[in-house]
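Have a look at the structure below, then the notes.
The values are calculated or read from the model by the stated rules, or taken from the named source; none is laboratory data. Here the structure is a predicted model, which means the values were calculated and not measured. We place every Cβ from the backbone using ideal geometry, glycine too, and count neighbours over all the protein chains shown.
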Amino acid sequence: MTTQKTDELTIDQLAYNEDGLIPVVVQDAGDSAVLMVAWMNREALERTLETGDVWFYSRSRQRLWRKGEESGNTLTALRVAYDCDGDTLLVIAEMGGEAKACHTGQRTCFYRELALAGEKR
């Protein structure tokens, strides 16, 4: 993936929402599958950038959590990018453990599909 480095932002200049959170899309470094979508606050992003372990902010638990801290299914960040508006992050990651990103035990959180018009499932 070629990236053009113009108008670089710092983590303080990213567009966090009113709760201080920014959405994060996590993509598998191996096959580019979208694994999950979660939220980070500034501290979770700092920890991710500093350690390489992917950290998130849990809105339901109201705390930081490191992916895999309970399941063993970890994520290691290889790249962290932001979109053109600076309001969404993309983490390219390698999976560890049993390589299951979803809390349901699936490899990706996107394992179900809606039917398109005229399509039978």
(request) Would you check if there is a residue in the range 30-51 being among the polar types (S, T, N, Q) and over 14 Å from the mean Cα position of the chain (by Cα)? (result) yes
(message) Just the residues that are of a type outside the set (S, T, N, Q) and assigned to a loop (DSSP other than H, G, I, E, B), please, taken from the range 75-97.
(response) D83, C84, D85, G86, D87, G96, G97
(request) State yes or no: is A115 modelled with pLDDT under 95 and either within 27 Å of N17 (Cβ to Cβ) or assigned to a loop (DSSP other than H, G, I, E, B) (or both)? (result) yes
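Please verify whether A44 is without any contact (Cβ under 8 Å) to a residue 60 or more places away in the chain and more than 20 Å from T108 (Cα to Cα), treating the condition exactly as stated.
Considered against the rule, which asks whether it is without any contact (Cβ under 8 Å) to a residue 60 or more places away in the chain and more than 20 Å from T108 (Cα to Cα), A44 comes out as yes.
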(message) So if I check each of A15, A77, A44, which one is surrounded by fewer than 14 Cβ atoms within 10 Å (Cβ to Cβ) and aliphatic (A, V, I, L, M)?
(response) A15
(message) Looking only at the range 53-94, how many residues end up being farther than 17 Å from I22 by Cβ, over 12 Å from the mean Cα position of the chain (by Cα) and in contact (Cβ under 8 Å) with a residue 24 or more places away in the chain?
(response) 4
(message) For V26, only one of the following conditions fails: (1) hydrophobic (A, V, I, L, M, F, W, C); (2) in contact with a Ser or Thr (Cβ under 7 Å, 6 or more places away or on another chain); (3) crowded, with 16+ Cβ neighbours inside 10 Å. What is its number?
(response) (2)
